[in-house]
Every structure is written in structure tokens, then in C-alpha cells.
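K.L.:
Here it is, the structure, as C-alpha cells.
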Amino acid sequence: MEPVWFVLVAVMIIAYVVLDGFDLGAGVLHLLIARTEEERRTVIRTIGPVWDGNEVWLIAGGGTLYFAFPLLYASSFSGFYLPLNIVLWSLVLRGIGIEFRMHIENHVWRSLFDGFFAISSALLAIFFGAALGNVVRGFPLGADHFFFEPLWTNFRTGADTDILDWYTCGVAVLALIALVVHGALYVALKTEGPVSEKSRKLARRLLPLLIVLTALGVPVTAAVCPRTMQNFSEYPLAYVIPLAVAVSLAAMWTFERQAREMAAFLSSCAYIVAMLAGVAAALYPSLLPCSGDSARDITIYNAATGEYALRVGLIWWALGMGLAFGYFVFVYRMFRGKVRPEEGHGY
């Protein structure tokens, strides 16, 4: 059952990044492309009906980790105490920024909460990216599988790691660019007029940078973390994943220039899915690799809860995900199509 739950957790994390990723991207570009109150409200309305539902996948993913791999949950939440608090406050400020901006008809008030929305969205993208870089690079796990990392020291990689070094900061930049492009393609899909055009223009400008960073990511990761290539060497079929990354990037480039908005956005979704699937394939069966001794890795086998619990939990997980999937289909069908300034939900 352990590999099954590894796949399920990976699927939930990927679903969160794909769905809430365009929310975060829209938040980052909110102040970059929207200059007037009408344009800002239009950007927020593209995500207004779905942003809080998309974050359910983060809560569900955390709950699944706690149930299926309690050692991973305990170790990562204690070792990442400061970054997770930053993430928590960023999530709070982001929700406040969206919901409170319309409470008072005042330019200063709305500018303040627009700033909360944009800055917290950027911080979430950066810290999620840095967290992913840490997972790939490894942690200074002790014999008890727990660890502590300072936020930063000398920005170098090695056995004594920091949360922020040159590699994890590079992954954070890649994550930020990827989610801004993802959000820009979504906003272009959901809007029309100046907001749509400016979103497309921003995506077009950032796509070459995204392609370059993605291309550099593979050799740099192989140099910093050679063990990440082991599964690809043992299972050559796994090379389908980097091929999918390349194809999705080419599709994004092509469809964006052809103004095929839906195809470009779906290609961005495919890019994120392929990138995160590649990380999962590289790490398996490790959940938290040790930067020094691989024998101290937290794996799906030494972190999993009991076999009986995993089997029974699979039934309840399937029921819960069935309800969640039905809800998301309903919501996205209800709010399909373009948003317009005269329409809205209080934003």
C-alpha cells in the first residue's frame, strides 16, 4: 500500500499546484498588468469563485500526509517551522487581501489590500519553490529522522544545508516564473480587452526565461544531487517525463503565439504536472532524502502508518475525493466563460 499512497499524495500536491498555481500567478501579476480599479477587479474576478476551493487541495494534501506518513509530517513540520509560519501568514494575508479590499470605498484602503494580495502571492510561490528545492537537495536528517536548518548562512550547498542556498533560491525563481506564466495564461483565457492582451504579452515575455531556467534545471540538479538520476537510469521509461516537459513548453510557446488561449493554458497545466511528476519519479521511494547519509532517508516504508489503516483509509479517501471532484466540476462549469467588469461576486 505504501507506493499507492505515495502516488496519491503526489497527485494531490500536483492538483494543488495546478489549481492554486494560477491563483498565485494571478495575484503576482495583479499589480503588474492591472492599472485601474476596473482592471484589478477584473483580474480578481477571474479567480474569485474558485480560489478558496483550490486551496482545499493544500489542506487535503496535508491531512493525507498526516494520515499516511506521520513521520514525514512530524519531521518536515518541525524542521520547516519558520518557513511554514511564513506560508501560513501569507495564506492569511492573501485571503484578507481578496475579501477585505471592497469593504471601504477608499483608494488607500484598496491599495493596501491589493498589496497584501500581490506580495503574499509572490511569497507563497517563492517559498513553495524553495521547499521543493530543499526536498530535491536533501536535509541534514539525524538518526531520529528529525532536522534543523537555519534560514540561510553562506548560500552554499553541501552536507550542512540551509533552507535558502543558491540552488533552492534558483528553484524558487523557477517556481515564481512558472506560476506567473501559468496565471497570465489563465487570466488571458478568462478575460478580454486590455487585461487579456497585457496578460498574453507578459506570458510571451516570460516564456523564454521559463524555457531557459527549465533547461538549466536538469543538469544543475544532476550536479547538486546526483542520486536524483538513479531512478531514471534504472527505469529508462521515466525519460518520458522530461520529454513531456519539453513538449509542453513547445506547445505553450506555439499556442500562445497563435492566440489559442485554452490550448496554451492546458499546456501550462501539462508542464506543471510533468515537472512535479519528474520530481516524484526522481525521489521515489524517498519522501525526505538525507543530504549526508542515504540510510537516514525518510522513505515511504519507514514513514508509513499501519497496513490496516492504509487499506481502510483508501476507502474513505476515495469517497472524499469523489465528492471533491464533483464539487470542482460543478464550480468550474458554473463559472466557465469570460468575466466582465460589470459582473462580479463582491470583488
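K.L.:
For ALA264, indicate whether it is aliphatic (A, V, I, L, M) and over 24 Å from THR46 (Cα atoms).
P.N.:
No, not satisfied.
K.L.:
Can you say whether PHE325 is farther than 14 Å from PHE67 by Cα, over 22 Å from the mean Cα position of the chain (by Cα) and either part of a helix (DSSP H, G or I) or among the β-branched types (Val, Ile, Thr) (or both), as far as the supplied structure shows? Before you say what the answer is, go through the steps one by one.
P.N.:
On the way: farther than 14 Å from PHE67 by Cα: yes; over 22 Å from the mean Cα position of the chain (by Cα): no; either part of a helix (DSSP H, G or I) or among the β-branched types (Val, Ile, Thr) (or both): yes.
Criteria not met by PHE325.
K.L.:
On the basis of being modelled with pLDDT of 90 or more and either hydrophobic (A, V, I, L, M, F, W, C) or touching a strand residue (DSSP E or B) at 6+ places or on another chain (Cβ under 8 Å) (or both), does ALA159 make the cut? Can you show your working first?
P.N.:
On the way: modelled with pLDDT of 90 or more: no; either hydrophobic (A, V, I, L, M, F, W, C) or touching a strand residue (DSSP E or B) at 6+ places or on another chain (Cβ under 8 Å) (or both): yes.
Judged against the criteria, ALA159 is not a match.
K.L.:
Select from the stretch 76-91 the residues that are crowded, with 18+ Cβ neighbours inside 10 Å, assigned to a helix (DSSP H, G or I) and at pLDDT below 85 and list them in ascending order.
P.N.:
Within the stretch 76-91, SER76, GLY79, PRO83 qualify.
Residue by residue, here is whether (1) hydrophobic (A, V, I, L, M, F, W, C); (2) in contact with a Leu (Cβ under 7 Å, 6 or more places away or on another chain); (3) assigned to a loop (DSSP other than H, G, I, E, B) holds:
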| site | (1), (2), (3) |
| --- | --- |
| HIS103 | no, no, yes |
| SER111 | no, no, no |
| LEU123 | yes, no, no |
| PHE127 | yes, no, no |
| LEU132 | yes, no, no |
| ASP144 | no, no, yes |
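K.L.:
Let me ask something else about it. Only residues that are within 21 Å of the chain's Cα centre (by Cα) and of a type in the set (Asp, Glu): list them for the stretch 1-48, please.
P.N.:
ASP20, ASP23
K.L.:
Further question on the same structure: Quick one: in the stretch 113-144, of everything that is surrounded by 15 or more Cβ atoms within 10 Å (Cβ to Cβ) and without any contact (Cβ under 8 Å) to a residue 24 or more places away in the chain, which residue is farthest from ILE298 (Cα to Cα)?
P.N.:
My answer is PHE113.
The values are calculated or read from the model by the stated rules, or taken from the named source; none is laboratory data. Values in this document were obtained by computation on a predicted structure and should not be read as measured data. Cβ atoms come from the backbone with ideal geometry, glycine included; neighbour counts cover every protein chain shown.
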